[in-house]
Amino acid sequence: MNIFLNNLVALNQIILQNAREQFPVAEGKHLRYRAAQAVLADALTAKVCTEIISGETRYEIATSTDGTSWKMMLNFALSQPVPQTPYVVLSFSTFGNAEELVFDKVMETETENVYQAELELNELAQRDALLRALSDFDAQTTLVVTLKTDHSITNTITDPKVFYFAENYYPYIYQGILPPPARLQLKLLPLVFQNVTYNYYQDYVLQNYLYYLPDTFEVGLGTDLKPMLSFSFSAPDNATKLDQVNVTMDYFLLPKVNQARIANARDQFTPKHPDGKLIPFANADTLALQLELPAGKTEEKNALINLQSGVADSFTLPVSQFVTIWDALFSKSPQSLLLKGELEVQFKGFNPDKLPVRIALDDKYKDKPLDFITQSTPVDISNTLTFKSDPQAYSSSGPRPIERMLVNIGNETFELNKTNPDHDAIVKVSVIDLILHPDKKPVYTYDLQIRYVDGGKVERNNQTTTFEIIYVP
């Protein structure tokens, strides 16, 4: 799995921040729960609980169905005790209309200040409303925890503040309310911006809705502002050559939108549709990512793609191509196609739109490949070192005959003597060191202990060599 999907809670924050920047939405009308003054805002906070399943951080949100009705269950924690069981409300907008779904049951759990809320839906329209609320960023959904007293209503907006979950990144949330297939009926509406024609798609039924696509997809930045791109290496057990090593590059791309283009399209669209709205597409009938790799243009069939949330993908290559890929991340040459490509977006009945994709890093990272290498365990290859000793050194006729020698290297200690004057030792060499420093020979360190027939002993510790045949003493 792409490493950037391991912590989906953090990834959701990045997706939401990018969506706010790339797909701004106008504020709709408020309902009573959303409009109520949060008099305890500084004192009372609520947060959806999380759990770790198979090493993946998940929100404790689940849906289920019996075929005719649907349920959503979630657990949330309050920052302090409250005098009564709170109400829980899902507040959202559907095509500009403010709506609410009030949870039917809110129950205390065995954990202090943690509650379980249950939403029951008996109508298909309610199920569809919940789907839109969870999966459409334009809905601006919030989960509101409400305390009602004789004098007032106190609201606490729950973390995450925007209750939005891209379907392809949070499939576990949608297991009980599978999204229906897309049924949009569209009309192609090409509009010109700065002498370039861009395709927009007008809703055939709700003709004041005009859908648009991002301009490009580029490497996203994490919460630490570091590019979301990493390398890891793998090799079979007891590999002896770099040719047996592979490198995997994980990356996460975010959609980028030229807001001047969208504003211009709005200006061209609203004269005929005064209440017109421009809405970003989240999905399409077909999404295919093509990327230029050393072997040529390649379709990334395992990529997770959402037009609003981004692209999570990885590819694996022979380690000999690592330097080529690393250099391509910083290439400014227009003739260099490596790590460039296109996201092909197609709606039924129309020719595909092709959105540029580029995987690149800022020049300030050019000398910092280690910052982008992630290894949970070391990756090594095995080299064979041969230790040789002169059989005459053990001869009693010599000036000071040796009885035996002990050699310690790595995790192995072995003896050289008259019977066995030579020995082969297997040592591990870091793949990362070999790749990042190809012109630097590995340095082997060993300890040598010489024991003489006369009872004397000599220690020679921290001996170093770059040779793979070593003569001792």
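Figures for the structure shown
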{"quantity": "Exceeding the 29 Å Cα-Cα cut-off - candidates Lys161/Lys226; Lys368/Lys441; Lys256/Lys364; Lys241/Lys368; Lys332/Lys428", "calculated": "Lys332/Lys428"}
{"quantity": "Within the chain, percent of DSSP bridges classed antiparallel, to nearest 5", "calculated": "90 percent"}
{"quantity": "Of Thr50, Ala303, Asn461, farthest towards positive along the dipole that unit charges on Lys, Arg, Asp, Glu beta carbons give the chain", "calculated": "Ala303"}
{"quantity": "Relative contact order %, the chain, counting alpha carbon pairs below 8 Å whose residues are six or more apart", "calculated": "11 percent"}
{"quantity": "Rel. contact order, % - alpha carbon contacts under 8 angstrom, at least six apart, region 241-322", "calculated": "48 percent"}
{"quantity": "Paired Rg and Dmax values of region 106-228, which use every Cα atom, in angstrom", "calculated": "20.1, 63"}
{"quantity": "Expected 222 nm ellipticity per residue - DSSP helices of 4 or more, -39500 (n - 2.57), all of the chain, to 500", "calculated": "-3500 deg cm²/dmol"}
{"quantity": "Projected label distance in nm at Lys161 and Ser79, using a 7 Å step from Cα toward the beta-carbon", "calculated": "1.3 nm"}
{"quantity": "Net charge contributed by nearby residues that have their C-beta within less than 14 Å of Lys418 (K/R +1, D/E -1)", "calculated": "-1"}
{"quantity": "Rounded to the nearest 10 Å², the accessible area of Asp285 at probe 1.4 Å", "calculated": "70 Å²"}
{"quantity": "Angle in degrees between helix 259-269 and the longest Cα principal axis of the chain, rounded to the nearest 10", "calculated": "30 degrees"}
{"quantity": "Segment Thr466-Ser397, extension gain: residue separation times 0.36 nm, minus the distance between their alpha carbons", "calculated": "21.5 nm"}
{"quantity": "Folded to 0 to 90 degrees: helix 124-135 orientation relative to the chain principal axis, Cα", "calculated": "50 degrees"}
{"quantity": "Within straight-line cross-link reach of Lys148, lysines at Cα separation under 18 Å, skipping those fewer than 8 residues along the same chain", "calculated": "Lys105"}
{"quantity": "Protein-only accessible surface order, largest first, of Arg261, Arg127 at 1.4 Å", "calculated": "Arg127, Arg261"}
{"quantity": "Heavy atoms of Arg400: accessible area, 1.4 Å probe, square angstrom to 10", "calculated": "110 Å²"}
{"quantity": "Degrees between helix 8-22 axis and first principal axis of the chain (Cα, 0 to 90, nearest 10)", "calculated": "60 degrees"}
{"quantity": "Cα pair distances exceeding 36 angstrom across the chain, given as percent", "calculated": "49 percent"}
{"quantity": "Within the chain: Cβ-based charge dipole about Cα centre, in debye rounded to nearest 20 (Lys, Arg +1; Asp, Glu -1)", "calculated": "940 debye"}
{"quantity": "Solvent-accessible area of Ile359 with every protein chain in place, 1.4 Å probe, in Å² to the nearest 10", "calculated": "0 Å²"}
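The values are calculated or read from the model by the stated rules, or taken from the named source; none is laboratory data. Predicted model only: the values in this text are computed from it and were never measured. No Cβ is skipped: glycine too gets one built from the backbone with ideal geometry, and neighbour counts run over all protein chains shown. These area figures cover heavy atoms from the full protein model, side chains too; ligands, DNA and RNA do not enter into them. Shrake-Rupley method; radii C 1.70, N 1.55, O 1.52, S 1.80 Å.
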